[in-house]
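The values are calculated or read from the model by the stated rules, or taken from the named source; none is laboratory data. Here the structure is a predicted model, which is why all the values come from computation and not from measurement. Glycine gets a Cβ as well: all are built from the backbone with ideal geometry, and neighbour counts include every protein chain shown. The protein model used for the area step is the full one, side chains on, heavy atoms only, and it has no ligands, DNA or RNA in it. Shrake-Rupley method; radii C 1.70, N 1.55, O 1.52, S 1.80 Å.
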Amino acid sequence: QAKQAGRNGMRFFDRQMQERISARARLEGDLRQAIERQQFELHYQVQVDELGMARAAEGLLRWRREDGSLVSPSEFIGLAEETGLILPIGHWVLETACAQLQAWQADEQMEPLILSVNVSAPQFRQPDFCDEVLRLVKHYGILPCRLKLELTEGLLLEMVEETIVSMRRLRDVGVRFALDDFGTGYSSLQYLKRLPLNQLKIDQSFVRDLVSDASDQAIVQTIIAMAASLQLDVIAEGVEYEAQRDKLEEMGCLRYQGYLFSRPVPEAQLRAWVHAAHAIRQQHCLA
Ligand code: C2E
Ligand code: MG
Ligand code: MG
Ligand code: MG
């Protein structure tokens, strides 16, 4: 009987494995098709200062399937990285961001905004990555300092020297860098001080229970102190409630991103948000 169960268990396991493998193959095929058919969209989430004014936006990738549904990047970025498909996708994101920055130059309220994009490790490690960025900046006639690249700590575990050289090349012309999901990796101060970064992004996992959890408070306080000692900006992601925002401000973090302000939205909606915030502020000033 045990043997029987074992066999059934095995069969069940095989079937699960099979299903997982074919789901993966299907996703990979769909992803290739999505690239050919240009089914990607960049949505934008505002980043605000302590006065609630827009200072920047983060571009977040979405895949619009044939049936109109939106697929979140967490469902396909991993596979795209493993298969190398992140290279054409990442190029599309960079080019779209640069074209967007160019378009914002014609709008007084949008023009000062910084646009931040996520860059995967395999993408950043391409030998021609810097040239690609420099070419796009030139082609679209944008100020390099309006473009920010978000890297994760994972990138920094390998090829440290090469990474620093590439970052320096881009920093020298004004391109900015943020370290995303900060606090979830293994960066030491020793190591961080060598990177030409502009900003640390406090991971949303520390923000979630910040108001009630003393150890999250201690971690966030440490990150803010690290940023200060390295002379870096610090921004908190995943800010959903006023109480989180207020706690962050009290702790010395003056930049926020999260649903409290806006979800990631299509560009027209971001623009409407920025214009509305500006109009409200003008009213306050006149009153
Ligand atoms: P990330 O760069 O850390 O982006 C923040 C994620 O948190 C986004 O998820 C955003 O929608 C979500 N978020 C923002 N505010 C809140 C909030 O208040 N509460 C909660 N619960 N979540 C919030 P999204 O858009 O699903 O992206 C997930 C991840 O996928 C990103 O994390 C980034 O690592 C990756 N990603 C997104 N776009 C790109 C891209 O163009 N290229 C690459 N390589 N990766 C990307
Ligand atoms: Mg990011
Ligand atoms: Mg993040
Ligand atoms: Mg993340």
- Inside region 92-108, can you point out the residues that are open to solvent by 50 Å² or more (accessible area, probe 1.4 Å) and in contact (Cβ under 8 Å) with a residue 24 or more places away in the chain? W92, E95, Q102, Q105
- Select, from L136, L155, L149, the only residue that is modelled with pLDDT under 95 and under 20 Å from L61 (Cβ atoms). L155
- Message: I'd like to check something: does region 181-189 contain any residue that is within 12 Å of ligand 3 (Cβ to nearest atom), among the polar types (S, T, N, Q) and farther than 18 Å from G252 by Cβ?
- Response: yes
- Considering only region 19-47, state which residues are open to solvent by less than 100 Å² (accessible area, probe 1.4 Å) and either touching a Cys at 6+ places or on another chain (Cβ under 8 Å) or in a helix (DSSP H, G or I) (or both). I21, S22, A23, A25, L27, E28, G29, D30, L31, Q33, A34, I35
- Before we move on, is S229 of a type in the set (S, T, Y), more than 20 Å from the chain's Cα centre (by Cα) and modelled with pLDDT under 95? yes
- Item | Index of the failed condition, E161 passing every other in (1) more than 20 Å from Q257 (Cβ to Cβ); (2) within 16 Å of ligand 1 (Cβ to nearest atom) | (2)
- Query: On the given criteria, is L248 under 16 Å from E50 (Cα atoms), surrounded by fewer than 19 Cβ atoms within 10 Å (Cβ to Cβ) and more than 16 Å from the chain's Cα centre (by Cα)?
  - Reply: no
- Item | Hey, V220 within 19 Å of S116 (Cα to Cα) and surrounded by 19 or more Cβ atoms within 10 Å (Cβ to Cβ) or not | no
